Each structure stands twice: as C-alpha cells, then as structure tokens.
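The structure under discussion appears below in the form of structure tokens.
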Amino acid sequence: MEVFFLMMGLWLVVAVALGLRRPQGLGGSALRARLDAVYGEPHELVRVSPAAFPEADLDFYDRARKEFEGRKYRWIADVEDLTMSRIYPQNRTFVRLFVDAGGMIRASAYHLHPRGVVVSLLQLVQLFPRHLRVVELISEIQGTFLVTSNTHGVDRLEPPPEAKVERLPLATPIADVVTRHEARITELVRAHPERAPVSFETLEDVLASAARAHVVMARHRQKVGGISRDELERLKGRPLSATEEAFLREVQRKEPAPE
C-alpha cells in the first residue's frame, strides 16, 4: 500500500503546483494540513465487504484474485483505509490483500476512481486517468521496502530512501508485475543472503508492515516540509516563480528570507 499512500498525497499537490485554478480554501497552509493528515497519523484499516463499494470495478478485483491465486498467492482480506476515506470521502475504495506462498511478498490490488474538483482539474490536463487499477507488491527487508507497481507516471511524489520503488506502465499485465517483483526479491536475497525478508502470514502481519512503511513515509514528508522544491519544480518543468516560492514557504511553514 506504499504507492497508495503516495498517490493519495499527490492529488492536491499536482493541481496546485501546476498553477491551475485553486479551489477556495486550498492555500499552502490548507495543503500542508491535508498532507499532514495523509502522512502524519496512523491509518485505521478495517475489513470490509466489496458490496459496500458499488462504484468499484469488482471485475478487476476478481481478475486480480484469480491471477494471484493462480500463482499460489493467498487472499488475506479486503480492507478500507478509513483515514483516507475521511480525508477523501468522495473517493472511497477498498484494497484486496494477498501474500505469496513463501511469505516474503505482500500484494494488493485496488481501483481508484478520482472524483471532486481537484481531481477533475487533473483529468482536464490528462495528469490522472479517470480509472486507475493498481497492482502493487511489497517485500520488507531490514527496514527497506522493495515495491513494484503498475503506476508509472501517476505517483509523482518521491518515495523515501527506504522505499525502492519500480514503476511499470499502467497497462502492464498483472502477471508481468508479479514476475518482475519476484525477480527483484530473488536478486536481492541472492546478493544479500544475510538479510532475511520479513515474513507475512496473517492480516496482522501485513498491516504491521504497512504501518512501518507509513512511518517511514511520514518521516520523509516531514523532513522535506510536506513538498520538496525538486518535486514542485519537476511538476512545473521550470524554476519556481516568486509567487510559487511564497506558496512553497507556506506549505513548508518557513519564514520569508530576509532581504
């Protein structure tokens, strides 16, 4: 769910960073408060029934389950991140969780259907698809999170150094995402046999690992002040203007430089 956290923090950042029409009340302080809510507190995840999500692409979830179980992965649970649902009530979704037969990989599949003013702006300039069907695989090795997903071009906030994220194209088949991650974890274990991956057996194991990853991401967001200069300039494609510098200071809660 590491990429899930990154994308949830991304939506408002991109709209504002690109200089689009800013929704009322979405200044730098409000954006920082939203980022702090996404990254700054433990997330509450609970078991749910897919029937509670009538707008979800249940066919995608079922295809993902069939693909994973065909590769000897085991379905663990369907969960909702209630913290995210409170922040983005128009964008509720659920995450289907799996673990591999060896207990070294936790996997998730989820459907995002962005709605609301800001996401409409993102879609207007084709920065975010109307429907995003994500497959994500994670292995945890001594504080490092190896992540493979099909989110190339959409999760544009930089992950923390502890997260080694490889983003494949959106249209990558589930089987190819799984194969790539399994190759990555095999390469890492062979190169460092002394570094044993964390074992996943139960839902509690999976959620505990996700919570540790969230702490790492929250610490990184605090370190960069919510948004880094590099992230904003990369989104803008140029150096920041004076107005954008002021906005960045507001997000990062920094005082203006003395003249």
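Please treat every number below as a calculation from the coordinates, not as lab data. Everything quoted here is computed from the prediction, not taken from an experiment. Reconstructed Cβ throughout: ideal geometry from the backbone, glycine too, with neighbour counts over all protein chains shown.
Data for the structure
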{"quantity": "In order through segment 61-68: 3J(HN,Hα) via Karplus (6.51 cos²θ - 1.76 cosθ + 1.60), integer Hz, x for Gly, Pro", "calculated": "4, 5, 4, 4, 4, 4, 5, 5"}
{"quantity": "Highest-first arrangement of 132-139, 219-226, where packing means the average Cβ count within 10 Å", "calculated": "132-139, 219-226"}
{"quantity": "Ranked list, fewest to most other Cβ atoms within 10 Å of each Cβ, for V216, V99, V147", "calculated": "V216, V99, V147"}
{"quantity": "Potential extension, D59-R238 segment - 0.36 nm per residue separation minus Cα distance", "calculated": "60.3 nm"}
{"quantity": "Cα shape, segment 190-251, gyration tensor, a/c 1.5 rule", "calculated": "prolate"}
{"quantity": "Phi-based couplings in Hz for segment 96-104 (Karplus 6.51, -1.76, 1.60; Gly and Pro marked x)", "calculated": "9, 10, 9, 10, 7, 4, x, x, 9"}
